[in-house]
Structure formats: structure tokens, C-alpha cells
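Chemist: After the C-alpha cells below, expect a handful of questions from me.
The values are calculated or read from the model by the stated rules, or taken from the named source; none is laboratory data. The model shown is predicted, which means the values in this text are computed figures rather than measured ones. Cβ coordinates were reconstructed from backbone atoms using ideal geometry, including for glycine residues, and neighbour counts include every protein chain displayed.
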Amino acid sequence: MNKTIVGGFVSVKSIIEAKSRHIYKIYIERSRYDKILSSDLRVPEQRQYSVLINSGSEYTFVDANEFEKIMPNSNAGGIAAEVGERIFTPSEEVFSIRNGYIAILDGIEDPFNFAYALRSLYASGVDAVIVPERNFFTASDTVVRSSAGASELIKACTVPDITEACKVLKSKGYFIATTAKTPKAKDLYRCKISRPFCVVFGGEKRGISKETLEIAELCIKIKYPRECHYSLPACSAISIISFECARKLENFHR
């Protein structure tokens, strides 16, 4: 199993909470730790150390030079962990979510955009995310930190074929929607959706495959208030669409 280093309290805490990766060892910079524990004004940071030390994972104190070797040129705040690969939820379990709100990310080609997308999807209440087998979860530190830990907290599974995953979800009663600027695309703010619901997001370059578009029952787009010669970045569009879908699905529940 591949090992990698993840830095920062939020990232390490998210992995601990989600049990999303095996933690081999937590590293704590000793000089920073001693300074914080001797201060009466840094109680929140003292609590952070308590969370790490009492997590049940192996931990060790290292000096500043050794920590710099572990996490070079970082702003990890003197906290890092050596972790394993992301532990994914079995696809069968995700496909079996009843009355769910699922998102599929297909073709996001930048780890930062991938992380920002996961951040929005988790915050908007998505129950699970489905990604291709080749994805940016392997870019652990970048994705975990840029997503503020959402990459670890959100339920995720990988599939070999996005179109086939959509077919399985559709067979289980899921309403499938895609996001693309096509003549048939409907205004996000005027369309109706219902649970169980799955929305497919494509990347800025490749977009969504023709086969997946054909399976979908609805294609949605963001109607801009003014004419623009450009489109929003994928992560921005995902934020807008995921939250609006969450609002519509909540109203449907009521």
C-alpha cells in the first residue's frame, strides 16, 4: 500500500474522524507543542493536540529540522501524519442508498478543482460521490487540505465506467441529471427534480460523455444574468448547482 504525508490539524483530524485512511504515525513538532502548552492564551490549539494524542493512533514528537524534512515548505502548523491510500465505500453500498442525493465527478482534471468540488458537495449535503477509478484522491495532501478535510468526510466510491454507474442508479429509481450547455439544457432555477437524485458533473475540457448525456432525464445549466463570453470554472459551477439542487430536494421532502 502506498504511503503519503498529510499536513495540518484539520486534515489529520478529518482522517481520524472518517477512518478514511490507515494512519501509520502522527508527527508533532516538539518546540511548537511546548510553546503552545505553556501558554494560557492558546487553549483551542491545546485542544487540537489533545485530539491527536488521544486518537489512538501512534504519534511521535520531532524537532523543527526533522519536521521540515517531513513536510518541506509547508504551513502545516507543526502537525503531520503518514497515511495510507483512501479507503473507498463499496459501490454496491452507494448504489443502495435509499432516497439519496448523489453526485458524480467525471473529468475534473486539476487536483485543486477536484478538492474544491468535494468541499462544496459535502457542505451541500450530498450523501455520496462517485468518481472514476483514476482520480485525484491519490494527490492526498493537496486534496485533503484544499477540501478542508471534506475529501475524507464525504462517502466516496470508484467505478470503472461512469455511464454504467448511471445505468445502475437509474435502475434503482434515481432521477439522473447532467450539467452541460446544450440546446436541450434547462434553467437550473426553473427545473424540477426529486429524490432519489443523482447529478453528473463534467470537467471543463472533456465534459460529459455522449452516452451519459443520453441516459440522463434532465440536462441543467446555469443561466447567467448577463451575456458572457466565458463559462464559470467547474468548481464554481458545482458549488452553485449542488446547493440549488439541495434546496430543491429539501423543498420536495417537505
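Chemist: Do you know which of the residues in segment 8-17 that are small (G, A, S) and not in a loop (DSSP other than H, G, I, E, B) is surrounded by the fewest Cβ atoms within 10 Å (Cβ to Cβ)?
Modeler: My answer is S14.
Chemist: Just give me the residues in segment 18-48 being within 22 Å of E152 (Cβ to Cβ) and not in a strand (DSSP E or B), in sequence order.
Modeler: Correct list: A18, K19, S20, R21, H22, P44, E45, R47, Q48.
Chemist: Right, next: Check L52 against each of (1) out of contact with any Pro (no Cβ under 6 Å at 6 or more places or on another chain); (2) closer than 30 Å to C198 by Cα and name the one condition it does not meet.
Modeler: Status for L52: all satisfied but (2).
Chemist: Cβ-Cβ distance below 8 Å, separation of 6 or more or different chains: which pairs start in segment 208-219 with a residue that is farther than 10 Å from T178 by Cβ and end on one that is not aromatic (F, W, Y)?
Modeler: These pairs meet every condition: E211/T163.
Chemist: Tell me which residues, restricted to segment 220-236, are among the hydrophobic types (A, V, I, L, M, F, W, C) and surrounded by fewer than 20 Cβ atoms within 10 Å (Cβ to Cβ).
Modeler: Hits for segment 220-236 are I222, C228, L232.
Chemist: So, of the residues in segment 58-92 that are buried (at least 17 other Cβ atoms within 10 Å of the Cβ) and free of Cβ contacts under 8 Å to residues at least 40 places away in the same chain, which turns out to be farthest from the chain's Cα centre (by Cα)?
Modeler: V62
Chemist: Starting from segment 101-113, keep only residues that are farther than 11 Å from I130 by Cα, then list their pairs with residues that are in a loop (DSSP other than H, G, I, E, B) and of a type in the set (G, A, S) whose Cβ atoms are within a distance under 6 Å, requiring at least 6 positions of separation or different chains.
Modeler: P111/A139
Chemist: Related question: Can you tell me which residue is surrounded by the fewest Cβ atoms within 10 Å (Cβ to Cβ) among those in segment 118-142 that are modelled with pLDDT of 95 or more and assigned to a helix (DSSP H, G or I)?
Modeler: The extreme case among them is A123.
Chemist: Another question about this same structure. Would you pick out the residues in segment 93-115 that are among the aromatic types (F, W, Y) and either surrounded by fewer than 19 Cβ atoms within 10 Å (Cβ to Cβ) or modelled with pLDDT of 95 or more (or both)?
Modeler: Of everything in segment 93-115, those that are among the aromatic types (F, W, Y) and either surrounded by fewer than 19 Cβ atoms within 10 Å (Cβ to Cβ) or modelled with pLDDT of 95 or more (or both) turn out to be F95, Y101, F112.
Chemist: Within segment 49-68, track down each residue that is small (G, A, S) and part of a helix (DSSP H, G or I).
Modeler: Of everything in segment 49-68, those that are small (G, A, S) and part of a helix (DSSP H, G or I) turn out to be S50, A64.
Chemist: Here's something else I'd like to know. If only one of S55, S50, S124, S146 is small (G, A, S) and without any contact (Cβ under 8 Å) to a residue 12 or more places away in the chain, which one is it?
Modeler: Testing whether each residue is small (G, A, S) and without any contact (Cβ under 8 Å) to a residue 12 or more places away in the chain leaves just S50.
Chemist: Here's something else I'd like to know. Here are P183, P196: which of them is out of contact with any strand residue (DSSP E or B) (no Cβ under 9 Å at 6 or more places or on another chain) and either more than 14 Å from P132 (Cα to Cα) or not assigned by TED's automatic domain parsing to the domain that holds K13 (or both)? Spell out the reasoning first.
Modeler: Details: P196 fails: out of contact with any strand residue (DSSP E or B) (no Cβ under 9 Å at 6 or more places or on another chain).
So the residue among P183, P196 that is out of contact with any strand residue (DSSP E or B) (no Cβ under 9 Å at 6 or more places or on another chain) and either more than 14 Å from P132 (Cα to Cα) or not assigned by TED's automatic domain parsing to the domain that holds K13 (or both) is P183.
Chemist: Now a separate question. Could you grab me the full set of residues in segment 18-47 that are touching a residue at least 60 places away in the same chain (Cβ under 8 Å) and surrounded by 13 or more Cβ atoms within 10 Å (Cβ to Cβ)?
Modeler: Residues satisfying the conditions are A18, S20, R21, H22, I23, Y24.
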